[in-house]
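No value in this document is a laboratory result; all are computed from the given coordinates. Worth saying up front: this structure is predicted, and the values here are computed from it rather than measured. So basically every Cβ, Gly included, is an ideal-geometry build from the backbone, and we count neighbours across all protein chains shown.
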Amino acid sequence: QVQLVEFGGGAVQPGGSLRLSCAASGSIFSNNIMGWYRQAPGKQRELVAAATTGGSTNYADSVKGRFTISRDNAKNTVYLQMNSLKPDDTAVYYCNLRVVYVDYWGQGTQVTVSS
C-alpha cells in the first residue's frame, strides 16, 4: 500500500516563498512520476508540476519561472519550491504519485497567498 505524506504550506504575502515536500512510502515501482496538483475553491484540480524518475519535468504555464519541482529518488520524496507567489496561487496543493496509470494522492495542504 502506498502512502503520501505532505509537509509545508501555510499563509504568505504576495511575492513570498514557500516550499512543499511529499514523502512516499510503501511498495513503489522504481519508474514513476511524482508531482503536485492544486485545487482552488470552485475550480477543477489542475497540474502544477511533475517530475519523472529520470528527471524530466513539466510545469503549468502559470507557474513557469516561479516554481521549481525536484525529487530525491532514494527517499521517494518530491519537493516544490514556490517563489514570487501570487493570490491566484491560493489553493489546496496535492501530492501525486503515478505508477503505470495508477494515481496515489496525498491528503492536501493549504497554501494561502494574501496581504
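Summary table below
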quantity: Radius of gyration and Dmax over the Cα atoms of the chain, both given in Å; calculated: 13.4, 42
quantity: The chain, relative contact order [Cα under 8 Å, separation at least 6], %; calculated: 36
quantity: Percent of Cα-Cα distances greater than 17 Å, calculated over segment 71-110; calculated: 45
quantity: Per-pair calculated FRET efficiency, R0 = 35 Å: Gln107 and Thr57 via Cβ, rounded to 0.05; calculated: 0.90
quantity: Segment 24-96 versus segment 2-17: alpha-carbon centroid distance in Å; calculated: 11
quantity: In segment 49-115, trypsin sites (Lys or Arg not before Pro) in a DSSP loop with at most 14 other beta-carbon atoms within 10 Å; calculated: Lys64
